[in-house]
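Report on the structure given below.
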Amino acid sequence: MTDLSQLEAELTAAAAAAGDLAALEALRVAALGKQGSVSGLLKSLGAMSPDERREMGPRINGLRDRVQTAITERKTALDAEALGARLASERVDLSLPPSPRRKGSVHPTMQVMDEMVAIFAEMGFAVAEGPDIEDDFHNFTALNFPPKHPAREMHDTFFFNPRPDGERRLLRTHTSPVQIRTMRQDNAGAPAPQFTPPQDPPIRVIIPGRTYRCDSDQTHTPMFHQMEGLVIDRGVHMGQLKWTLETFISRFFETEGVGARFRPHHFPFTEPSAEMDIQCDRSGGELKIGQGTDWLEVAGCGMVHPNVLRNCGLDPEEWQGFAFGFGVDRLGMLKYGIPDLRDMFASDVRWLSHYGFSPFAAPNPASGLS
Ligand code: DAH
């Protein structure tokens with residue numbers, strides 16, 4: 001029988017003397033591997049008598065544990081030596097340029113929304129929001145669309161399948177229903193939680209949000225964004241509407257005195273109604289805002305129709321209001337020279353990194369204006 005103490009002394013000395021990890025691993029295999037010397041001793045226990053086994057079992061197992069410990073300790077020491085050597089020999093070169101990382105960017109639509117909100121906030125407007133899934137009442141009826149109005153049957157409105165009670169929900173075709181939600185201060189029949197904080201007049205809100213119409217070409221996408229405005233107070237008149245929109249346009253395009261004209265138009269929810277055009281120059285194939293003799297439509301607007309006020313429990317003899325609606329993506333296309341609206345929602349990272357904005361560039365609503 002091998003002398004156990006001698007074997008242990010040899011193996012632990014060899015472990016302590018192992019010069020590198022490879023030598024240590026060779027030692028481990030020779031002692032503890034399948035064919036190893038210590039493993040052989042463990043196997044020999046099977047052939048012993050119970051008495052012998054009772055005596056030798058603990059001795060051989062103790063040997064195995066101490067050899068294992070010696071190997072582990074040496075491995076820890078060798079690892080630390082190797083790390084120390086690397087730390088001593090390697091240098092971090094701080095002058096090397098970092099490897100490029102793909103950065104995210106702010107989508108132009110979100111940038112434009114932030115700019116618009118910042119400008120209107122300075123004028124005293126609060127932000128209100130409502131659900132994308134609307135009912136007929138908020139999207140049409142309360143906004144004074146007559147029952148047979150073509151917009152109701154518009155082939156470009158996305159309707160959901162009728163519910164058992166016959167009601168047809170829809171994806172809102174404009175942000176105007178949030179006017180109703182704001183003025184009514186209720187959530188009657190709303191399919192989603194009301195986002196708009198309840199308010200008594202006077203009301204001064206802007207309403208940014210997604211809107212939907214079944215339409216797709218260079219200037220139309222099935223989903224797009226609008227920013228609605230609503231002011232309700234006593235003695236409100238169209239001159240204030242005109243000032244508000246003209247001031248906004250000058251700040252947004254960072255150009256003082258952009259010419260504007262208000263063309264008579266029709267919307268069921270305003271009377272009188274107008275479309276706002278702004279001055280532009282299209283000569284030379286480039287669009288310049290605030291110069292030249294051409295016009296570009298940017299918003300619908302008007303004085304809130306008395307029926308809309310009544311539908312919201314407000315007395316038109318006491319309260320008046322004006323409202324307006326901008327196409328957000330459209331304003332972004334104009335300001336940042338984006339030729340095709342559809343690209344805005346195609347999620348092409350090359351397009352996004354070209355037209356996107358740094359999240360750290362805060363919108364500056366008053367830049368260039370005193
Ligand atoms: N809701 C209209 C649309 O989507 C835009 C609009 C026009 C909104 C006139 C208004 C407004 O608030 O007064 O075409």
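The values are calculated or read from the model by the stated rules, or taken from the named source; none is laboratory data. These numbers were taken from a predicted model, which means no experiment stands behind them. Glycine gets a Cβ as well: all are built from the backbone with ideal geometry, and neighbour counts include every protein chain shown.
The residues listed here are Arg163, Arg168; of these, the one that is in a loop (DSSP other than H, G, I, E, B), surrounded by fewer than 16 Cβ atoms within 10 Å (Cβ to Cβ) and under 31 Å from the mean Cα position of the chain (by Cα) is Arg168.
Restricting attention to segment 246-260, and to residues there that are of a type in the set (D, E, K, R) and in contact with a helix residue (DSSP H, G or I) (Cβ under 6 Å, 6 or more places away or on another chain), which single residue is nearest to the ligand (Cβ to nearest atom)?
This residue is Arg251.
On the stretch given as segment 159-177, residues that are among the acidic types (Asp, Glu) and touching a helix residue (DSSP H, G or I) at 6+ places or on another chain (Cβ under 8 Å) total 1.
Counting only residues that are within 16 Å of the ligand (Cβ to nearest atom), surrounded by 14 or more Cβ atoms within 10 Å (Cβ to Cβ) and farther than 15 Å from Ser250 by Cα, how many does segment 261-295 have? Qualifying residue count, segment 261-295: 11.
For the structure I just gave you, tell me whether Glu246 is of a type in the set (D, E, K, R) and free of Cβ contacts under 8 Å to residues at least 60 places away in the same chain. It would help to see each step written out before you state the result.
On the way: of a type in the set (D, E, K, R): yes; free of Cβ contacts under 8 Å to residues at least 60 places away in the same chain: yes.
In short, yes.
Count of segment 138-156 residues, restricted to those that are part of a loop (DSSP other than H, G, I, E, B) and either modelled with pLDDT of 90 or more or within 21 Å of Arg184 (Cβ to Cβ) (or both), is 6.
Among the candidates Gly302, Gly313, which residue alone is within 14 Å of the ligand (Cβ to nearest atom) and small (Gly, Ala, Ser)?
Working: Gly313 fails: within 14 Å of the ligand (Cβ to nearest atom).
Just one listed residue meets the conditions, Gly302.
Of the helices (runs of 4 or more DSSP H) that lie entirely inside segment 7-126, those containing 2 or more residues that are touching a Pro at 6+ places or on another chain (Cβ under 9 Å) span 108-122.
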